[in-house]
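Okay, so here's the structure we're looking at.
The values are calculated or read from the model by the stated rules, or taken from the named source; none is laboratory data. What you are looking at is a predicted structure, and each value in this text was computed from that prediction instead of being measured. FYI the Cβ positions are ideal-geometry reconstructions off the backbone, even for glycines, and counts take in every protein chain you see.
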Amino acid sequence: METMKAILFDEPGEAEKLYIGNFPKPEVGEEEILVEVKATALNRADILQRMGKYPPPQGASPVLGLEISGIVVEKGSKVFKWKTGDKVFGLIPGGGYAQFAVIHEKMAMHIPDKLSFEEAAAIPEAFLTSYQALVWLAELKAGEFILIHAGASGVGTASIQLAREIGAKIIITASAEKHFICKELGADVLIDYKSQNFKDVVKNKTSNYGVDVIIDFIGANYFNDNVESLTRDGRLILLATLSGGKVNEFDVRQILTKRLKIIGSTLRSRPLDYQIKLTKEFKEFALDKIASGRIKPVIDKIYDWKDVVQAHKRMEENKNIGKIILRIN
């Protein structure tokens, strides 16, 4: 069996468990392409999987990494869209922290000429998650108010840009030292979650109207204030529960009286057909804008993959503004 180098861990635990070792090189399916990975990006899911709290979907590689950029080196027997040497990027269910990874031909996107491998690797998970949340789930419309929590995160910075393109009025929460990037990307109202109560600021800045859409990763600690911040027919899209999942003393009558929609979603566990359709729509909406620089990936820091431990620790300490990238060599 042919092997490759990959970032591995033998048992769940802290970042120090990660190391570069040998792992079987993936075999290419009929509708898949084999990519020589040049860069990948960190996601919270990687940290949870490393800690034993988020197993990969059935059939997915146990190697960490949900997004890749690189060069096509082999293709399946039914692949006609790509040829060897093409530069591609895309979302995968696992296996990105490695020298080689496979991706379904319809999940791969062509890297625009002006983008580096590192920039391309910063796009798939953040922007596809954001597009799904804003367009498919929240059905965000021009002129509506949207509150984006963790505005300086990967998904946060992507959501600000997509909401801006849709024509929404954007409110974000982030620590004060990260406000500059949110404003640069198009946020209208900046809230320091460490010193301000977002519910109060939302009421003030919307003249007690509230917001139409909330994108939230925090969960329990924000739930009551999120519901109070939503206007009638508001939509709360819950993408993670970083503060936990149990809410105390919540009055469910608010959901009825405000006619709220509360939608939870993950992307990794979605069927392949769903992800292919999402990728196609996102590509049609955004790829030209990415190529022109109107929409841009926000990169916090690029690490050589041998420094993966430091990269994981940086994300765990919430120091990053945008995406943390691993350069594979």
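A few comments on the model shown:
- Segment 28-71: number of residues that are farther than 25 Å from D113 by Cα, of a type in the set (A, V, I, L, M) and crowded, with 20+ Cβ neighbours inside 10 Å: 3
- Leading residue by the ranking (surrounded by the most Cβ atoms within 10 Å (Cβ to Cβ)) among those in segment 110-133 that are in a loop (DSSP other than H, G, I, E, B) and in contact with an Asp or Glu (Cβ under 9 Å, 6 or more places away or on another chain): A122
- Single residue of G210, G234, G245 found to be within 22 Å of S130 (Cα to Cα) and more than 25 Å from the chain's Cα centre (by Cα): G210
- Of all residues in segment 99-109, those that are outside any loop (DSSP other than H, G, I, E, B) and either touching a Lys or Arg at 6+ places or on another chain (Cβ under 7 Å) or among the polar types (S, T, N, Q) (or both) total 2.
- Scanning segment 226-233 finds no residues that are farther than 26 Å from A126 by Cα, basic (K, R) and without any contact (Cβ under 8 Å) to a residue 12 or more places away in the chain.
- In segment 212-267, the residue that is modelled with the lowest pLDDT out of those that are under 30 Å from P93 (Cβ atoms) and charged (D, E, K, R) is K246.
- Scanning segment 194-214 turns up no residue that is touching a His at 6+ places or on another chain (Cβ under 9 Å) and closer than 27 Å to K301 by Cβ.
- Unique residue being without any contact (Cβ under 8 Å) to a residue 12 or more places away in the chain, surrounded by 13 or more Cβ atoms within 10 Å (Cβ to Cβ) and not acidic (D, E) when the list is K258, K313, K277, K289: K277
- Of all residues in segment 184-211 being charged (D, E, K, R) and exposed (fewer than 15 other Cβ atoms within 10 Å of the Cβ), the one that is nearest to R235 (Cα to Cα): D200
- Summed over segment 147-168, the residues that are buried (at least 24 other Cβ atoms within 10 Å of the Cβ) and either part of a loop (DSSP other than H, G, I, E, B) or over 18 Å from the mean Cα position of the chain (by Cα) (or both) give a count of 6.
- Here W136 fulfils each of the conditions (1) under 30 Å from K199 (Cβ atoms); (2) assigned to a loop (DSSP other than H, G, I, E, B); (3) not polar (S, T, N, Q) apart from (2).
- Among the residues making up segment 88-106, those that are under 20 Å from V309 (Cβ atoms) and touching a Pro at 6+ places or on another chain (Cβ under 9 Å) are G94, G95, A98.
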